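Enquirer: Got a structure for you, questions after.
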Amino acid sequence: MNFKEKPEYNFNDLVEIVKILRSPNGCPWDREQTHKSIRSNFIEETYEAVEAIDTDDTELLKEELGDVLLQVALHSEMESEKNTFTIDDVCDGICKKLIVRHPHVFGDVNADTTDQVLKNWDAIKMHTKSQKTQTQAMQSVSKALPSLMRSTKIQQKAAKVGFDWDNVDGAFDKLFEECSELKAAVNSNDRDNQREELGDVLFSVVNVARFLNIDSEHALYDACDKFTNRFSLVESLAKERGIDMKTASLSTLDSLWEEVKILQKT
């Protein structure tokens with residue numbers, strides 16, 4: 001097949017092109033790759049697709065979803081070469097999973113609200129994965145997830161069996177308690193305990209975010225952007241006034257920071 005002559009391509013073409021790239025007469029780079037060698041590529045492409053979503057860039061999203069799909073095709077082809085599974089098996093598996101986990105659509109189960117759907121989904125997921133306890137459900141949360149996201153999922157699973165605060169006040173009290181314990185660890189110069197207590201503080205912050213129905217990962221993402229943008233203005237203001245930021249006192253820089261904050265609010 002002469003792929004260069006096709007006016008447009010489909011999913012089957014992608015699968016075939018990947019097979020050619022991985023073949024003995026294909027691309028040396030593609031042939032050398034393994035699951036682990038392109039692991040970071042998968043993560044990178046996924047985040048780039050997410051960025052396209054965040055920026056409402058439809059054209060970029062189309063392109064980035066293609067890059068994600070390429071990663072799926074590559075990993076599937078690697079296993080096909082070992083006769084373990086194919087891309088068709090991957091499609092078969094996700095289709096079966098969707099049908100099983102939507103009995104209110106493909107079966108005779110009633111679920112008129114989102115809450116009912118999610119409750120059924122969790123119950124079916126635990127059953128199909130042979131999870132007998134909520135601890136097993138927590139342990140199934142991927143350790144490769146960003147830690148804020150993993151914390152949220154673990155806390156949500158604990159909450160499903162009633163292990164949760166009644167309201168955000170309890171979460172705040174726990175946060176303040178953990179901050180005090182971190183400060184005590186700092187004062188005692190206990191490095192191991194400092195790391196542990198800092199983790200507890202971050203976990204407690206996620207708990208507060210969960211009660212406020214705020215995505216902690218996204219909130220921190222926005223905070224990074226806000227800090228970068230504000231720092232840029234501080235840097236520009238310092239340059240205008242002939243202030244060398246590397247030698248200026250912290251009080252001088254903090255004064256510029258506060259000035260920028262006021263300007264941004266007006």
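The values are calculated or read from the model by the stated rules, or taken from the named source; none is laboratory data. Note that the coordinates shown come from a computational prediction; the quantities given were computed from them, not determined experimentally. Note that we place each Cβ from the backbone using ideal geometry, even for glycine, and neighbour counts take in every protein chain shown.
Enquirer: Could you figure out which of (1) of a type in the set (D, E); (2) under 21 Å from K160 (Cα atoms); (3) under 27 Å from the mean Cα position of the chain (by Cα); (4) not in a helix (DSSP H, G or I) isn't true of D115?
Expert: (4)
Enquirer: Oh, and also: Within segment 172-197, work out how many residues are on the phi > 0 side of the Ramachandran plot and of a type in the set (A, V, I, L, M).
Expert: If we filter segment 172-197 for residues that are on the phi > 0 side of the Ramachandran plot, which is where we start, we get 189.
Remaining after also requiring of a type in the set (A, V, I, L, M): none.
Total satisfying the criteria: 0.
Enquirer: Another one. If we scan segment 239-256, do we find a residue that is under 30 Å from V50 (Cβ atoms) and either over 20 Å from the mean Cα position of the chain (by Cα) or modelled with pLDDT of 95 or more (or both)?
Expert: no
Enquirer: Could you run through segment 123-158 and say how many residues are within 25 Å of A111 (Cα to Cα), free of Cβ contacts under 8 Å to residues at least 12 places away in the same chain and not in a loop (DSSP other than H, G, I, E, B)?
Expert: Final tally of qualifying residues: 3.
Enquirer: Inside segment 77-96, can you point out the residues that are surrounded by 13 or more Cβ atoms within 10 Å (Cβ to Cβ), out of contact with any helix residue (DSSP H, G or I) (no Cβ under 6 Å at 6 or more places or on another chain) and either of a type in the set (A, V, I, L, M, F, W, C) or not assigned by TED's automatic domain parsing to the domain that holds P24 (or both)?
Expert: M78, C91
Enquirer: Based on this model, can you work out whether D169 counts as more than 20 Å from the chain's Cα centre (by Cα), loosely packed, with under 13 Cβ neighbours inside 10 Å, over 22 Å from D122 (Cα atoms) and modelled with pLDDT under 95?
Expert: Spelling it out, it is not the case that D169 is more than 20 Å from the chain's Cα centre (by Cα), loosely packed, with under 13 Cβ neighbours inside 10 Å, over 22 Å from D122 (Cα atoms) and modelled with pLDDT under 95.
Enquirer: Also, quick follow-up: Only one residue in S232, S188, S204 is closer than 18 Å to A159 by Cβ and not acidic (D, E), so which one is that?
Expert: S204 is the lone residue from the list that is closer than 18 Å to A159 by Cβ and not acidic (D, E).
Enquirer: In addition: With the requirement that a residue be under 18 Å from K157 (Cβ atoms), crowded, with 16+ Cβ neighbours inside 10 Å and not aliphatic (A, V, I, L, M), what does segment 100-120 give you?
Expert: Result: R101, N120.
Enquirer: Kindly indicate whether any position in segment 196-207 is outside any helix (DSSP H, G or I), surrounded by 15 or more Cβ atoms within 10 Å (Cβ to Cβ) and either aromatic (F, W, Y) or modelled with pLDDT of 95 or more (or both).
Expert: no
Enquirer: Pairs needed: first member in segment 1-24, assigned by TED's automatic domain parsing to the domain that holds H35; second member anywhere, surrounded by 11 or more Cβ atoms within 10 Å (Cβ to Cβ) and of a type in the set (V, I, T); C-beta distance under 6 Å; at least 6 residues apart or different chains.
Expert: V15/I87
Condition check ((1) out of contact with any Phe, Trp or Tyr (no Cβ under 9 Å at 6 or more places or on another chain); (2) closer than 29 Å to V168 by Cβ; (3) surrounded by 12 or more Cβ atoms within 10 Å (Cβ to Cβ); (4) of a type outside the set (S, T, Y)) across all residues:
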position: A209; (1), (2), (3), (4): yes, yes, yes, yes
position: D225; (1), (2), (3), (4): yes, yes, no, yes
position: R230; (1), (2), (3), (4): no, yes, yes, yes
position: G242; (1), (2), (3), (4): yes, no, no, yes
position: L263; (1), (2), (3), (4): yes, no, no, yes
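Enquirer: Scanning segment 70-112 for residues that are of a type in the set (A, V, I, L, M, F, W, C) and not in a helix (DSSP H, G or I), which turns out nearest to the chain's Cα centre (by Cα)?
Expert: Out of the qualifying residues, it is F85.
Enquirer: At pLDDT 95 or above, within 16 Å of Q155 (Cβ to Cβ) and part of a loop (DSSP other than H, G, I, E, B): does that describe N213?
Expert: Yes.
Enquirer: Would you check if there is a residue in segment 33-42 being closer than 12 Å to L74 by Cβ, exposed (fewer than 14 other Cβ atoms within 10 Å of the Cβ) and among the small types (G, A, S)?
Expert: Yes: one or more hits.
Enquirer: Here's something else I'd like to know. Pairs needed: first member in segment 223-235, closer than 13 Å to M245 by Cα; second member anywhere, surrounded by fewer than 12 Cβ atoms within 10 Å (Cβ to Cβ); C-beta distance under 9 Å; at least 6 residues apart or different chains.
Expert: L233/L263; L233/Q264
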